[in-house]
1. May I ask you to list pairs of residues, at least six apart or on different chains, whose Cβ atoms are under 6 Å apart, with the first in region 222-233 being under 26 Å from residue 198 (Cα atoms) and the second being of a type in the set (Gly, Ala, Ser)?
2. So is residue 123 crowded, with 22+ Cβ neighbours inside 10 Å and without any contact (Cβ under 8 Å) to a residue 40 or more places away in the chain or not?
3. Does region 46-71 hold any residues that are surrounded by 17 or more Cβ atoms within 10 Å (Cβ to Cβ) and either among the polar types (S, T, N, Q) or outside the structural domain of residue 88 (by TED's automatic domain parsing) (or both), and which are they?
4. Could you look through region 19-37, keep only residues that are crowded, with 18+ Cβ neighbours inside 10 Å and not aliphatic (A, V, I, L, M), and pick out the one that is nearest to residue 90 (Cα to Cα)?
5. Out of 153, 144, I need the residue that is crowded, with 20+ Cβ neighbours inside 10 Å, small (Gly, Ala, Ser), in contact with a Lys or Arg (Cβ under 9 Å, 6 or more places away or on another chain) and not assigned by TED's automatic domain parsing to the domain that holds residue 257. Which one?
6. Please work out if residue 9 is farther than 18 Å from residue 182 by Cα, at pLDDT 95 or above and buried (at least 24 other Cβ atoms within 10 Å of the Cβ).
7. Just checking, which of 75, 16, 22 is outside any strand (DSSP E or B) and either modelled with pLDDT of 95 or more or within 13 Å of the chain's Cα centre (by Cα) (or both)?
8. Please state which of the following conditions residue 40 fails to meet, knowing it meets all the rest: (1) out of contact with any Lys or Arg (no Cβ under 8 Å at 6 or more places or on another chain); (2) touching a residue at least 40 places away in the same chain (Cβ under 8 Å); (3) surrounded by 18 or more Cβ atoms within 10 Å (Cβ to Cβ).
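The values are calculated or read from the model by the stated rules, or taken from the named source; none is laboratory data. Nothing here was measured: the structure is a model prediction, and the numbers come from that model. FYI the Cβ positions are ideal-geometry reconstructions off the backbone, even for glycines, and counts take in every protein chain you see.
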Amino acid sequence: MSVTVRVPAKVNVQLAVGAARADGFHDLANVFLAVGLYDEITVTPADALRVTCEGPDAAQVPLDRTNLAARAALALAERYDRDPRVHLHIAKDIPVAGGMAGGSADGAGALLACDTLWGIGAPRGELLDICAELGSDVPFSLVGGAALGTGRGEKLTPLEVGGTFHWVFAMAERGLSTPAVFREFDRLAEGRDIPEPVASEALLDALAAGDPDALAATVSNDLQPAALSLFPELADTLAAGRGAGALAALVSGSGPTTAFLVRDPGSAESVAEALRVSGTCRTVRVATAPAAGATVL
């Protein structure tokens, strides 16, 4: 018997970052939107815990116990006294090290798949607690849709979305480390007063209305200057997308994937084609949002 779970990528339509806390994390106001690019995690009983991976950039995915899918299986097994000897197979379609929560998605997917395989039926709140222990973005990968993440991003409030939003994503030639981007944020912020992060009411209203123009006017990412400082070529990708008619262009999360909000499917195709021929990125993907969270197939 095996269980397969599909889990979405995310884009941050707002990422407001507070000053570094004593524990090294930052308080966030993080408006997550799940998008229709998916990883699939299949869990099968095995002689030992092992992880395999296929798909774009699969060679960059760790296959040891540092992989969030493996950590999720071990955490659930320990909490419910189950045998963690399973084969976790990740079919990867979310960019690796791209700021779209691919690793977090795998953690959430493995957690739900193991819960299903082992017949635990853990309460949703319990699964979310384990997700929060695994990483700041993992709870949202389980929930999907749209949500405001506070604390370090793990405390979620679901948000209403009034329509479908169309996105184009440009994958960069190399990855960016999230901890490195936060360190650069701290360096650039040195000596400045960092305000408390709060969600933009105008942005939440735009999401609820399903209004792409209003959303485009309010998207923001406080990590974008740090990502551009570490990876200056991303500015060329952002410019190419804007020049092709994107309503908004921003770095997705800690990057280096760049995200372009467009009005409709036709605009998505024209912006995607312009990015493909621009020479400023490796690959381009088109997707819609919101998308469902981790789902047993």
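1. 222/16; 223/254; 227/255; 228/235
2. For residue 123, the condition - crowded, with 22+ Cβ neighbours inside 10 Å and without any contact (Cβ under 8 Å) to a residue 40 or more places away in the chain - is not met.
3. 67
4. 32
5. 144
6. Answer is yes for this residue.
7. After applying the criteria, what remains is 75.
8. Going through the list (1) out of contact with any Lys or Arg (no Cβ under 8 Å at 6 or more places or on another chain); (2) touching a residue at least 40 places away in the same chain (Cβ under 8 Å); (3) surrounded by 18 or more Cβ atoms within 10 Å (Cβ to Cβ), residue 40 breaks only (1).
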